[in-house]
């Protein structure tokens, strides 16, 4: 749009003054621009501002298009595709991958592209179904933690006083309590079931998110736009959810992507130690089973570990990309 306007203006001037007249007229107007360092004509400043306004609308997406961030998004898209479409992608069904067969620890072949694990279970199929188990536990647990953590943190930071004191002391107790102990206690009481894994990870994450959002709220509630909204008659809940929360949620979103990889890694560690859900197809459990056959069947433990690395790496790269795109201090980098 801007370029078309410049071309039309140039053509009109050329018709009025002729070719050489247009050149000399332009040189006269831009003499300072050519010979005075740092001088910029007013029309050029306005055109640059218009261009930046159009360009800024695509700034967030453009800043996500770094090579590492796109690589991370590609990894996450692949893992999510495995999780959602596992029954159609995997060559074998869930029943086949949890049944007992005679060809245990078979090398990769045309029938089993990544080999087999104990009881003749297909490694490639278990890799695909394992993505569903990891994401099914990690995502609901983190959504639970974010929902309650944000509510507690924003109420505590906004109202302050005795409300802040009571809520933050409770959160300090959860932060001081060893997380792995709480998970092991819940497993001992209720059993190693997926629902209790989600609940345990969700409870452990509430304290961290409440602390994170509270610090942002303490800064945001003193800013001029919040004071202006308060003077105009906005109530507490409108100030919290309309003005403060949208401008303090960025750190939570970034932390959310990082924590998904952390929960998947922690879940794999628990399964490796033998505390996983035996009814699930889980990467950590496959590594625990295959570690005793690293010499005669290394594929049984190698590929599940590789999937864990790729999944965690994908979410970490996405978190880095979101941090770079959302942090205003990095906008000039």
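The values are calculated or read from the model by the stated rules, or taken from the named source; none is laboratory data. Predicted model, so just to flag it, every value in this text is computed and none were measured. Every residue, glycine as well, gets a Cβ built from its backbone with ideal geometry; the counts of neighbours run over all protein chains shown.
Listing for the model above:
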{"item": "Given (1) modelled with pLDDT of 85 or more; (2) assigned to a helix (DSSP H, G or I), index of the condition residue 321 fails", "result": "(1)"}
{"item": "Scan of the stretch 241-255 for residues that are crowded, with 21+ Cβ neighbours inside 10 Å and part of a helix (DSSP H, G or I), ordered by number", "result": "244, 254, 255"}
{"item": "Residue 284, sole failed condition from (1) in contact with a helix residue (DSSP H, G or I) (Cβ under 6 Å, 6 or more places away or on another chain); (2) in contact (Cβ under 8 Å) with a residue 60 or more places away in the chain; (3) surrounded by 19 or more Cβ atoms within 10 Å (Cβ to Cβ)", "result": "(2)"}
{"item": "Residue satisfying condition, being touching a helix residue (DSSP H, G or I) at 6+ places or on another chain (Cβ under 6 Å), over 27 Å from residue 215 (Cβ atoms) and either part of a helix (DSSP H, G or I) or outside the structural domain of residue 262 (by TED's automatic domain parsing) (or both), within set 197, 148, 174", "result": "197"}
{"item": "Matching entry among 157, 208, 215 (being under 19 Å from residue 266 (Cβ atoms) and either in a helix (DSSP H, G or I) or at pLDDT 85 or above (or both))", "result": "208"}
{"item": "Of all residues making up the stretch 193-234, the number that are over 14 Å from residue 248 (Cβ atoms), surrounded by 15 or more Cβ atoms within 10 Å (Cβ to Cβ) and over 23 Å from the mean Cα position of the chain (by Cα)", "result": "5"}
{"item": "Subset of the stretch 53-86 (residues that are modelled with pLDDT under 75, in contact with a helix residue (DSSP H, G or I) (Cβ under 8 Å, 6 or more places away or on another chain) and outside any helix (DSSP H, G or I))", "result": "64"}
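Yes or no, residue by residue, for (1) within 24 Å of residue 257 (Cβ to Cβ); (2) surrounded by 15 or more Cβ atoms within 10 Å (Cβ to Cβ); (3) under 22 Å from the mean Cα position of the chain (by Cα):
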{"position": "82", "(1), (2), (3)": "yes, yes, yes"}
{"position": "115", "(1), (2), (3)": "no, yes, no"}
{"position": "122", "(1), (2), (3)": "no, yes, no"}
{"position": "146", "(1), (2), (3)": "yes, yes, yes"}
{"position": "155", "(1), (2), (3)": "no, yes, no"}
{"position": "160", "(1), (2), (3)": "no, no, no"}
{"position": "167", "(1), (2), (3)": "no, yes, no"}
{"position": "176", "(1), (2), (3)": "no, no, no"}
{"position": "184", "(1), (2), (3)": "no, yes, no"}
